[in-house]
Amino acid sequence: MSGSNPVILLGAGRSGTTLLYKLLSAHPNIAYLSNYQNRWPAWPVTALTHRVLNIFPHLMASAWFMGGGGAYFNEGRNWLQSIVPTPAEAESVYRTSGLPLTPDPEFHASSELVRAINSNFEKIRRISGGEVVVTKRTANNRRIPALNKIFPNAKYIHLVRDGRAVAYSLPRVDWWDDHILYWCGKSPKEMVAEGAAPLFLAARNWVEEMKSLQTGLQLIETPNLLEVRYEMLLKKPFEEIQRMVEFIGLESSLPNKYFKLVDSLQLKPREESWLKGWPAEQRKRVEEIQYEHLRRWGYL
């Protein structure tokens, strides 16, 4: 397996993709794009730091995860944590290869772009010492047609979470207010100033992302696509990770150090805050906005 056949993680924002990305990246045979490649995309040699980190998995546990297996840092990490190579979306790696943030429907991947991005991924894989590169980038939800042309043999893992939980979570993260929503070209802050309700805007954003994912995933052959539920990942983390590792094509038995790291995170189902945090009318409105897709994915 080579870096030109990556594993691409997909999922609407706040669906747990950061947690999943870090869980898979902690596997010693999996390479990933880190904050080092994001800062210095022209220097794939920085992936050597990933080899060092594999020797000290306890550093991954302390720098990548918070208590209870939380993987998203809403506040900045301390200086020691920030120098540890950490799985990152690394948009700069895609950008310097020439891939647009939102490709047009008729986007054509030039031979130069295909060579550049494959070369970058392969160098990172080889220097990291991994058997395959796993990458997670939220913008890739709408890049599937382009990625399918660039990486025709890539595998995709789609992480799905209840849209109501996503809608509850989105307004509480630090990047949300100023994030440009690709489906309308405005930020939530701008739309709220125009009269949109923050919660209902977040509910609609999940719908728009799931629409993009559904359209793109129709292009992927069934053997190259695996669906994972966030709720099941927390309920049975080892079973789900093993299922993904086998799908990727790695040795199915989990290395002992890796098993201990995952076990130390104490992943378990959480009581969803939206169940208690919303008045009945708010919940009803969110479910009206998301109804079709909540039904489509089995949440209603």
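The values are calculated or read from the model by the stated rules, or taken from the named source; none is laboratory data. Fair warning: this is a prediction, and the values are worked out from it, not measured in the lab. Cβ placement follows ideal geometry from the backbone for every residue including glycine, while neighbour counts extend to all protein chains displayed. Only protein heavy atoms, including side chains, enter the accessible area calculation; ligands, DNA and RNA are left aside. Shrake-Rupley method; radii C 1.70, N 1.55, O 1.52, S 1.80 Å.
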Return the residues of the range 118-157 that are crowded, with 20+ Cβ neighbours inside 10 Å, over 18 Å from the mean Cα position of the chain (by Cα) and of a type in the set (S, T, N, Q); say none if nothing qualifies.
Asn120, Ser128
Scan the range 110-125 residue by residue and report those that are closer than 16 Å to Asn5 by Cβ and either without any contact (Cβ under 8 Å) to a residue 24 or more places away in the chain or touching a Leu at 6+ places or on another chain (Cβ under 8 Å) (or both).
Arg115, Ile117, Ser119, Ile124
Can you tell me which residue among Leu261, Leu233, Leu265 is within 19 Å of the chain's Cα centre (by Cα), under 30 Å from Leu53 (Cα atoms) and modelled with pLDDT under 95?
Leu265
Single match in Ser253, Ser273 (criterion: free of Cβ contacts under 8 Å to residues at least 40 places away in the same chain and among the small types (Gly, Ala, Ser)):
Ser253
Which helices (runs of 4 or more DSSP H) sit wholly inside the range 247-300 and have at least 1 residues that are in contact with a Gly (Cβ under 8 Å, 6 or more places away or on another chain) and either open to solvent by 90 Å² or more (accessible area, probe 1.4 Å) or on the phi < 0 side of the Ramachandran plot (or both)?
280-296
When residues of the range 208-239 are limited to those that are of a type in the set (A, V, I, L, M) and under 27 Å from Ile150 (Cα atoms), the one most open to solvent (accessible area, probe 1.4 Å):
Leu219
Quick check on my filter: what residues within the range 172-199 are surrounded by fewer than 16 Cβ atoms within 10 Å (Cβ to Cβ), under 24 Å from Ala280 (Cα atoms) and touching a residue at least 60 places away in the same chain (Cβ under 8 Å)?
Arg172, Val173
